[in-house]
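Here's the structure, in structure tokens; my notes come after.
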Amino acid sequence: MSPETYAQVSNLLIPTATVIYVLALISHAMEWALGRTAVAKAAVEQEADAEVLVGSAASPAEVGAASVSTGSGSGAAGPSTSGAEGVASERLDAASRIGLLLTWLAFVLHLGGVVTRGLAAGRVPWGNMYEFSITASLAVAIVYLIFVQKYKLQWLGLGVTFVISAVLGLASLALYTPAGPLVPALHSYWLVIHVSAAAISGGAFTVGGLVSVLYLVKARAERKVLEGGSMSASLRRLPTAEAMDGTAYKVLAFAFPLWTFGVLVAGPIWAEHAWGRYWGWDPKEVWSLVTWVVYAAYLHARATAGWRGRRAATIAIVGWFVFIFNFVGVNLLVSGLHSYAGV
Amino acid sequence: MSDVKDRIAASSKPEEPPTPPAMGLVGWLRWTWRQLTSMKTALVLLFLLALGAVPGSLVPQTPIDPIKVSDFLAAHKTLGPIYDKLGLFDVYKSAWFSAIYLLLFISLIGCVVPRLSVYAKGLRARPPKPPRNLNRLPGYERFEVDGGDGVLEAATRELRKRRFRVQAYDGAVGAERGYLREAGNLLFHFSLILALVGVAWGSLFGYRGSVLVVVGNGFSNTVAQYDDFTPGRAFSGDDDLPPFSLTVKDFQVKFQEDGPQKGAAREFKAQLAYQETPDAPEKSYELQVNHPLKLDGSSVYLLGHGYAPRVTVKDGQGNVAFSGPAPFLPQDSNFSSFGVIKAPDARPMTLGFEGFFLPTAVIGPDGPVSVFPDDLNPELVMTGYYGRPQPETGKPESVYQLDKTKLTQFQQNGDKWRFQLAPGQTVPLPDKAGSITFDGYSRWVKLQVSHTPGTDLALAGILLAILGLMGSLFVHPRRTWVRVRDEDGRTVVEVAGLDRGPERGLGDEIHAITKSLRPAGPSKEEQP
Ligand code: HEM
């Protein structure tokens, strides 16, 4: 195939993938909406069997913990309401599964779109902001799909599909640049290493940030339950706050060494080749360092009494915003050596 | 450093009582030290570092772009001086930024050095005794057996298989795993120190300079030949510069000729002839972006390029007052290049010219502009000035700017005089003041020479740090206990564990261990 054909295929695949991500998003949104109505139907008191509700939670230890924090899975729930919740729960599960399936489908098309874009340009597909957007959102999908099996992350589907479809939509509508070769400063295999490390860790920062947001929501709901309040079924379907905290840590612990390598090893080596200095306090470099320092603070916070949990989660979210600002804000607002050809 | 000395002096005072009063000097210093090396302080300092780095990316920085700084100062009459006082135009060398990272550095050392000896002791320690109430631990399972013979042996085997270090106690075994986590953590923090030393080394003893060389001309590596030179604080002068010299023989550049990215540079190369020392044989090198020339620890980079029109100026007496290439600086992506030509020796009046070189000139609505970066239709569009001859002041002057305070612009037909020349053309100056000829043009390249010692140390430090980080983040330190005891005449086996890392959760390991110990067949299983 000629570069033009590849470019056309890519331009077809990316919007299609976007649409399917949106469908996945709708499916997950229905999952949440169903969870809300389920609560309205079932009497508020009933804490149905934690094992059913947290059915998707990972390990026995987590399930055990869940049963403690949702106020014990005692036999208090009447059979009728338990049945109602059971049906609702099945519908919720179906919505969740459909969402995940659609995400996989969209991911395959998305991957195809990114690869054909690379073939069309005859180089790695991250030479400008459009390309970095489609690649970075692909990284989010990759990290999510890796961890979705390992850590049972289905409950993150809503957030992940929202972020990916938003980024892809924005890329297609506002950032689109036709495929073309690179300016000479971008010719280097260190670029490949640097950017792929940054993209994958960025994907993980995003997943970790989303988990942290949900952690804060869930932790608040759990506190309310302790004060005698109730929790919607969609929130009860989430793992316990404590388990989510652990998941966020694992994802970010995966991202941090990779980011360290990407911005403190590969980036400086590339900068040394291209500009004759490995570190020059260019805005992009500054914000990468700030991102790094914020996540170092996150890891410290988790080891410091009084900073675990809520504060650590807040730092993880701040880190995610800093990362996004580095990618979007710095490119658009601040000029520096890193500004891309034709945005 | 003086407070370290104070501390040594203070702590060696023999007459200090064993428990100093609440806030004696020693007590105070010890308190300060403990605060400085606490985890909370490290956190706060990390935040300050992140926060402190931000303004440097938003406010123009003198070492990066001094012109933008002076523009900023001119535009912000009140804010500018305040920023200047705060060091916001050179954040990364400012006192307060240095204070943050130095404090962090001290805190880092003070934090990890003591942990090293704690760790060394911990390495030799045996896994601890089981706590009294195993069922309070995060992971706990129990089952009953008919007679507990062999359970502890089996447990020891199972735990060893899971790479635990095992210690037998009376009726119980204690096991611990994941000693490498702390080792990784220490390696990480120590390597960070190493990397920072490497970086500091480079900024002390390194140098960086840049020079613009017109194709055909040469450069030899002395401070005086640089347009712009930044030595490290401990750099001592020409003796520290390797004595190489080079000539730029040729320069080629290719631009995208069509499509949406028309005009973007696709490739540029400079052909160099160089000598490593004045007596060394001449060698050649093709210099490209991303392919620096390495010479005795220094590297030569190709940073940029532009045009240098070759011009001959004759004065009112018919003598040649200026002849040669004058480098013009590109102002936009189509290389509309601005520059000046000075002929201070012209008589009876000195002459000066300023204006644009346009590599692909077309007449736009606002006058001539360049529409492509390559030289498809080169033109020189300038205006001229004249003035009284001035005595030499010896003051250095920018070659890219004309000091117009003592000059008057040529007028023609009551209007400002402008001229537009293609290569080879000549135009007479008004009032028989002479003439100017556009002979042709050369290209110039901007070279950067730099030497940064300590880079290898910094790189090694960071790589080791990543290694340590992985150990620290991916090793799960755990304790597990198995206890066999009698409870109301029955034999109960308890398995319990605790994760000492920050991940929380033991996964299903306790369950798996329990399963391996439980006798096959139906058994009375109990969960807490
Ligand atoms: C340059 C500043 C520092 C950076 C970038 C940094 C970074 C990190 C990172 C990324 C971690 C998590 C990875 C690991 O567990 O090894 C960590 C852990 C840790 N850091 Fe630092 N650190 C710095 C300074 C300090 C200082 C000054 C202290 C002492 C107060 C300190 C004490 C610790 C401790 C005790 C842990 C282990 C936490 C745990 O058990 O999970 N660090 N640091």
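The values are calculated or read from the model by the stated rules, or taken from the named source; none is laboratory data. Just so it is clear, the model here is predicted, and its values are computed rather than measured. All Cβ positions, even for glycine, are placed from backbone atoms using ideal geometry, and neighbour counts span all protein chains on display. The accessibility values were calculated without ligands, DNA or RNA, using every heavy atom of the protein model including side chains. Shrake-Rupley method; radii C 1.70, N 1.55, O 1.52, S 1.80 Å.
Observations
- With the highest mean first, a sort of the peptides B:305-311, B:454-460, A:326-332, B:220-226 on other beta-carbon atoms found within 10 angstrom per residue produces B:305-311, A:326-332, B:454-460, B:220-226.
- Per-residue mean of C-beta atoms belonging to partner chains within 10 Å, peptide B:34-45: 3
- The range A:267-314: Rg to Rh, with Rh as the Kirkwood radius over Cα pairs: 1.23
- The alpha carbons of the range B:308-443 give a radius of gyration and a Dmax of 14.5, 43 Å, in that order.
- For q = 0.09, 0.10 Å⁻¹, Debye-computed log10 I/I(0) when each Cα of the protein assembly as shown counts as one equal scatterer: -1.08, -1.23
- Averaged over the residues of B:456-467, the number of partner chain Cβ atoms lying within 10 Å of the residue Cβ comes to 3.
- For the range B:144-268, projected area of the alpha-carbon convex hull averaged over all directions, nm²: 19.7 nm²
- Degrees separating the helix B:39-53 axis from the principal Cα axis of chain B, which is the longest one: 20 degrees
- Most tightly packed first, judged by the mean number of other beta-carbon atoms within 10 Å of their residues, the peptides A:157-168, B:315-326, B:116-127 read A:157-168, B:315-326, B:116-127.
- Inter-chain Cβ neighbour average for residues A:290-300, partner chain, 10 Å: 5
- List A:E222, B:E282, B:E392, A:E131, ordered by accessible area with a 1.4 Å probe, largest first: B:E392, B:E282, A:E222, A:E131
- A viscosity of 1.002 mPa s and a temperature of 20 °C, combined with the Kirkwood radius over C-alpha pairs in the Stokes-Einstein formula, give the range A:182-343 a diffusion coefficient of 125 µm²/s.
- Of B:I64, B:I363, the residue with the largest accessible area leads and the full order is B:I363, B:I64 (1.4 Å probe).
- Magnitude of the charge dipole, the protein assembly as shown, Cβ model with Lys/Arg +1 and Asp/Glu -1, debye to 20: 1880 debye
- Entries in A:K152/B:K515; B:K249/B:K294; B:K121/B:K515; A:K250/B:K93 that, when Cα-Cα distance is taken, lie over 26 Å: B:K121/B:K515; A:K250/B:K93
- With Cα atoms as the point set, the radius of gyration and Dmax of the range B:142-210 evaluate to 24.8, 85 Å.
- Taking every protein chain into account, the 1.4 Å probe leaves B:Y441 with about 60 Å² of accessible area, to the nearest ten.
- Accessible surface ranking for A:S10, B:S435, 1.4 angstrom probe, highest first: B:S435, A:S10.
- C-alpha long axis of helix B:151-161 to longest principal axis of chain B, angle in °: 10 degrees
- Of the residues B:A346, B:T222, B:G110, the one whose Cα sits farthest towards the positive end of the charge dipole of chain B is B:G110 (charges of +1 on Lys and Arg Cβ, -1 on Asp and Glu Cβ, taken about the Cα centre).
- Extreme residue, positive dipole direction of the range A:196-343, given options A:S212, A:A255, A:W292 (C-beta unit charges): A:S212
- Computed accessible area, B:K249, all protein chains, 1.4 angstrom probe, square angstrom: 120 Å²
- Helix-only mean residue ellipticity at 222 nm for chain B, each DSSP H run of n ≥ 4 adding -39500 (n - 2.57), per residue, nearest 500: -9500 deg cm²/dmol
- The alpha-carbon of B:K404 sits under 28 angstrom from the alpha-carbons of these lysines, leaving out residues fewer than 8 places away in its chain: B:K68, B:K77, B:K314, B:K342, B:K395, B:K416, B:K432, B:K446.
- Column: log10 I(q)/I(0), Debye, Cα scatterers of chain B, q = 0.06, 0.08, 0.11 Å⁻¹: -0.57, -0.79, -1.11
- Over 22 Å [Cα-Cα, the range B:24-118], rounded percent: 45 percent
- A probe of 1.4 angstrom, applied to the heavy atoms of all protein chains, finds B:K416 with accessible area near 130 square angstrom.
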